[in-house]
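Novice: Dropping a structure here in structure tokens format, bear with me for questions.
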Amino acid sequence: MTISEAQKQVDHWIKTIGVRYFHQLTNMAILTEEVGELARIIARRYGEQSEKESDKNRDLGDEMADVLWVLMCLANQCDVDLTEALQKNIEKKTNRDKDRHKNNPKLNS
């Protein structure tokens with residue numbers, strides 16, 4: 001599935017099963033919450049903290065998909081084509097950082 005197809009599928013689901021979109025500010029708060037859940041799992045699974053027993057069976061991919069879902073909701077609500085936005089963002093980063101990381105001694109040691 002492409003990003004565009006995913007945005008359309010999320011929009012269809014919201015309008016048929018979810019009834020309507022939450023307000024953008026509500027979705028921003030939900031996005032923050034979902035990112036926090038993802039951060040907690042990554043911090044405990046890959047960081048120094050021990051993982052709680054209740055988190056050991058959490059599906060990391062599902063948590064990432066939750067973040068993506070809400071981001072797509074916000075994109076749909078704000079008329080953002082994420083495919084186009086991502087392409088522009090990659091171009092921006094490529095032009096800005098084409099030599100920056102290659103010349104960073106911290107990354108090349």
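The values are calculated or read from the model by the stated rules, or taken from the named source; none is laboratory data. Predicted model only: the values in this text are computed from it and were never measured. Here Cβ is always computed from backbone atoms with ideal geometry, including for glycine, and neighbour counts include all displayed protein chains. What goes into the accessible areas is simple: the full protein's heavy atoms, side chains included, and nothing from ligands, DNA or RNA. Shrake-Rupley method; radii C 1.70, N 1.55, O 1.52, S 1.80 Å.
Novice: Beyond 24 Å, what share of the Cα-Cα pairs of the chain is found? Please give it as a whole percent. List each step's numbers first, then the result.
Specialist: Details: 2717 of 5886 pairs.
Counting pairs separated by more than 24 Å, the tail of P(r) holds 46 percent.
Novice: Can you spot the lysines whose alpha carbon is less than 27 Å from Lys92's alpha carbon? Ignore those fewer than 8 places along the same chain.
Specialist: Within reach: Lys8, Lys102, Lys106.
Novice: Computing the accessible area with a 1.4 Å probe over protein heavy atoms, can you report the carbon and sulfur percentage for the chain?
Specialist: Numbers: 4660 of 8260 Å².
Whole-percent figure for carbon plus sulfur exposure: 56.
Novice: Considering only protein heavy atoms, what per residue accessible area in square angstrom results for the chain with a 1.4 angstrom probe? Walk me through the numbers on the way to the answer.
Specialist: Numbers: 8260 Å² over 109 residues.
Accessible surface, normalised per residue, equals 76 Å².
Novice: Let me ask something additional. Give me the one-decimal Kirkwood hydrodynamic radius in Å for the range 20-72, with the sum taken over alpha-carbon pairs. Write down the numbers at each step before the final one.
Specialist: Working: mean 1/r = 0.0846 Å⁻¹.
Averaging 1/r across every pair of different Cα atoms and inverting gives 11.8 Å.
Novice: Out of the range 40-109, which trypsin sites (Lys or Arg not before Pro) are coil in DSSP terms and have no more than 10 other C-beta atoms within 10 Å? Write down the numbers at each step before the final one.
Specialist: Details: sites: Arg40, Arg44, Arg45, Lys52, Lys56, Arg58, Lys88, Lys92, Lys93, Arg96, Lys98, Arg100, Lys102, Lys106; in loops: Lys52, Lys56, Arg58, Lys98, Arg100, Lys102, Lys106.
Counting only loop positions with at most 10 other Cβ atoms within 10 Å, the trypsin sites (Lys or Arg not before Pro) in the range 40-109 are Lys56, Lys98, Arg100, Lys102, Lys106.
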